[in-house]
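Written out below as C-alpha cells is the structure these notes cover.
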Amino acid sequence: MSIFMKSIFLIIACYFLSSVSSNSQTYNAIFSFGDSLADTGNFLILDASAFPAIGKLPYGETFFKHPTGRCSNGRLIVDFFAEAYGLPLLPPYLALKKGVKAEHGVNFAIAGSTAIAAKYFYSKNITTLWTNMSLTDQLGWFQEVKANICATKKDCREYLKQSLFIVGEIGGNDYNYPYFLGGSIKQLKALVPAVVETISKATSVLIEEGAVELIVPGNLPIGCSAVYLTLFGTPNKAAYDKNGCLKAYNAFSKYHNAKLKLAIESLRKKYPHAKIIYADYYGAAKRLFHAPKHYGFSNTFVACCGGGGPYNFNYSARCGHIGSKACLDSSSFVNWDGIHLTETSYHHIAKGLLSGPFTSPPLTFPPIKQI
C-alpha cells in the first residue's frame, strides 16, 4: 500500500471513529420531578405517616429485595431511564443530606405530591393529602442542588446542557384527591387549566435555570387502574370500553394530556433553543391494558397486592396493611397495589418511551444500554 493510500485510510478511520464516538454520546445526569410514579425515596425519608406501608415489604420485593420508598414492587420508569443511559439510579434529594453524591443527577419527586400548592386543596376542604409538598417545593430543592454542583455560570450551562430533565408525571394527585372525595368529572375538568399552567411554569423555570432538554409526561389512563375501577365501577356496561377500562375517566386523562400538549407547544415557541419532549405515558401504558397477553400479562386489572374485592383493591386493607397479601408472580400483573403499576409494567412503558413512538420529538441520545 502506498503512503498516499495509507494516509487516506487513516483519515477515513479517524473520521469513522469520531462518528462512532459522537453517536455513543449520552446524558451526564438526569434530574427528575414528580409524584409516586417517580419518587425513589423522598416521601419515605420526609414523613411516610400517611402511607407507612411504603416502608416495608412487599414494596421493593422484586428487584431491591427491601423497601426503598418506591411505590412499586421494584424499579420505576426513571430507574430504567438511568440504566439505559449508563447512569446510577437517581438518589432522592433528601438522601443528599446523608452524604449521597449528586453528580449524575437527583430525584426530587415526592409520592403524594401535587402540582398546585397544597394550600389550594386545604381551601377546598380537601385534607387527605399524603404530603404538603408540591412541584414548587421540588423546584426549590433543585435550585439548592444547582448551587452546589457547579461553581460558575459557564460550568452550570455546560453541565445542564448535557443533562436530561424529567418534569413529571405530575398532576395526577391534583385530580386523585378530589376524585376520591366525590368530585365530579365536570368539577375536575375546571381544575385542569391551573394544573397544566403550574407544570408549564415549572418547565419554564427549569429552562431559565439552564435546562436544555426536558421531558414533560402526560397522565396515565386512570380509567384502567384498580382504584378507579373499584371506586367508580357501575353495572352500566356502556361505561366501559371493550377492554374493561372506564371510558369517562380515560377521556379525562386524554383531556388533561391534550391541554398539556398545547402548553408545551407554547413553551417551544418561547424557548426555541430548548428541546421540550412530550412523553405519552397514556399511549405507552394503554397497550398493556388493551393487549396484555402480547406483553406477557395474564392479570390486567386485578392488583397484585391487595386485600380483596373484584380488583383486589380494598381501601381498608391496602397493600402492605393487615388483611392484604401480594401475588406470587408480579410479572404477570399490570397493577401493583391498585394505584401504582408493577415493575414489569414500568419497564414496558420505559422501553416505549426510550425506543418507541411515545416521545415527541424523540430523545437526542439513544440509549447506550438495553433495558
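The values are calculated or read from the model by the stated rules, or taken from the named source; none is laboratory data. Please read these numbers as outputs of a predicted model, since none were measured by experiment. Cβ: placed from backbone, ideal geometry, glycine included. Neighbour counts: every protein chain shown. These accessible areas exclude ligands, DNA and RNA; they are computed on the full protein's heavy atoms, side chains included. Shrake-Rupley method; radii C 1.70, N 1.55, O 1.52, S 1.80 Å.
A few comments on the model shown:
- Of the residues making up the range 8-35, those that are within 18 Å of Phe142 (Cα to Cα) and either open to solvent by 10 Å² or more (accessible area, probe 1.4 Å) or modelled with pLDDT under 95 (or both) number 1.
- For the range 77-103, the tally of residues that are of a type outside the set (A, V, I, L, M), out of contact with any Ser or Thr (no Cβ under 9 Å at 6 or more places or on another chain) and either in a loop (DSSP other than H, G, I, E, B) or open to solvent by less than 10 Å² (accessible area, probe 1.4 Å) (or both) stands at 5.
- Filtered residue count, the range 298-317, keeping only those that are closer than 15 Å to Leu231 by Cβ, small (Gly, Ala, Ser) and either within 21 Å of the chain's Cα centre (by Cα) or open to solvent by 50 Å² or more (accessible area, probe 1.4 Å) (or both): 3
- Check on Gly74, at positive phi, of a type in the set (Gly, Ala, Ser) and either within 19 Å of the chain's Cα centre (by Cα) or in a helix (DSSP H, G or I) (or both): no
- Considering the range 205-240, the residues that are in a loop (DSSP other than H, G, I, E, B) and either of a type in the set (Ser, Thr, Tyr) or free of Cβ contacts under 8 Å to residues at least 12 places away in the same chain (or both) include one that is surrounded by the most Cβ atoms within 10 Å (Cβ to Cβ), namely Ser225.
- Where Ile277 falls short, out of the listed (1) open to solvent by less than 20 Å² (accessible area, probe 1.4 Å); (2) within 21 Å of Phe232 (Cβ to Cβ); (3) touching a strand residue (DSSP E or B) at 6+ places or on another chain (Cβ under 8 Å): (2)
- For Ser332, the conditions (1) open to solvent by 60 Å² or more (accessible area, probe 1.4 Å); (2) farther than 29 Å from Val216 by Cβ; (3) small (Gly, Ala, Ser) are fulfilled apart from (1).
- Hits in the range 36-63 - residues which are assigned to a helix (DSSP H, G or I) and open to solvent by less than 10 Å² (accessible area, probe 1.4 Å): Asn42, Phe43, Ala53, Ile54
- Of all residues making up the range 235-254, the number that are basic (Lys, Arg) and under 19 Å from Asn219 (Cβ atoms): 2
- Of the residues making up the range 163-191, those that are part of a helix (DSSP H, G or I) and surrounded by 20 or more Cβ atoms within 10 Å (Cβ to Cβ) are Gly172, Asn173, Asp174, Tyr175, Asn176, Tyr177, Tyr179.
The rows are residues; the columns are (1) of a type outside the set (A, V, I, L, M); (2) open to solvent by 40 Å² or more (accessible area, probe 1.4 Å).
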| position | (1), (2) |
| --- | --- |
| Gly296 | yes, yes |
| His321 | yes, yes |
| Tyr346 | yes, no |
| Thr359 | yes, no |
| Leu363 | no, no |
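- Against the list (1) in a strand (DSSP E or B); (2) out of contact with any helix residue (DSSP H, G or I) (no Cβ under 9 Å at 6 or more places or on another chain); (3) among the hydroxyl-bearing types (Ser, Thr, Tyr), the condition Tyr278 fails is (2).
Okay, residues lined up against (1) over 30 Å from Phe333 (Cα atoms); (2) aliphatic (A, V, I, L, M); (3) touching a helix residue (DSSP H, G or I) at 6+ places or on another chain (Cβ under 8 Å); (4) at pLDDT 95 or above:
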residue: Asn42; (1), (2), (3), (4): no, no, yes, yes
residue: Lys56; (1), (2), (3), (4): no, no, no, yes
residue: Gly60; (1), (2), (3), (4): no, no, no, yes
residue: Arg75; (1), (2), (3), (4): no, no, yes, yes
residue: Ala82; (1), (2), (3), (4): no, yes, no, yes
residue: Pro92; (1), (2), (3), (4): no, no, yes, yes
residue: Gly99; (1), (2), (3), (4): yes, no, no, no
residue: Gly105; (1), (2), (3), (4): yes, no, yes, yes
residue: Ser113; (1), (2), (3), (4): no, no, yes, yes
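- Total residues in the range 192-204, condition open to solvent by 10 Å² or more (accessible area, probe 1.4 Å), in contact (Cβ under 8 Å) with a residue 40 or more places away in the chain and farther than 12 Å from Tyr255 by Cβ: 5
- Qualifying residues in the range 124-145 (those that are assigned to a loop (DSSP other than H, G, I, E, B) and among the aliphatic types (A, V, I, L, M)) - the one farthest from Pro91 (Cα to Cα): Ile126
- Scanning the range 107-122 for residues that are more than 13 Å from Gly171 (Cβ to Cβ) and in a strand (DSSP E or B) turns up just one, Asn107.
- Tally, over the range 131-162, of residues that are open to solvent by 50 Å² or more (accessible area, probe 1.4 Å) and closer than 30 Å to Ile339 by Cα: 3
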